[in-house]
Amino acid sequence: MEYPSYGSGEKELYAGHSISNKWEIESANRKLALCLSEKYLEKPDQEIKLKILEIYNSKEEYFEHNSPKNIEFNTILKNRNEIFDPNILIE
């Protein structure tokens, strides 16, 4: 998994707005979950399923995770693009 890493721990975009290394890691994990979801849909595999669920259930500091923790795996796959949206939005 590749993601930008900033020597100071964050990159300032403009006054008062920055992206931290942690935020980049969370985004990279979401990209990984999307990739794994596609792979799982092609060929279901228990190990891939467990990794997707691990990412889904992980505590995120920067992304808002509005989905309930106890939804069915098929629902996660069906809504993967919304659940694992990796885009970082800065106000």
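The values are calculated or read from the model by the stated rules, or taken from the named source; none is laboratory data. Predicted model, so just to flag it, every value in this text is computed and none were measured. Backbone-built Cβ (ideal geometry, glycine too); neighbour counts: all protein chains shown.
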Margin query: Name the single residue that is modelled with the highest pLDDT among those in region 27-83 being under 13 Å from the mean Cα position of the chain (by Cα), part of a helix (DSSP H, G or I) and of a type in the set (D, E, K, R).
Written below: K51
Check: Which ones in region 30-56 are touching a residue at least 24 places away in the same chain (Cβ under 8 Å) and within 20 Å of N70 (Cα to Cα)?
Finding: R30, A33, L34, S37, Y40, K49, I52, I55, Y56
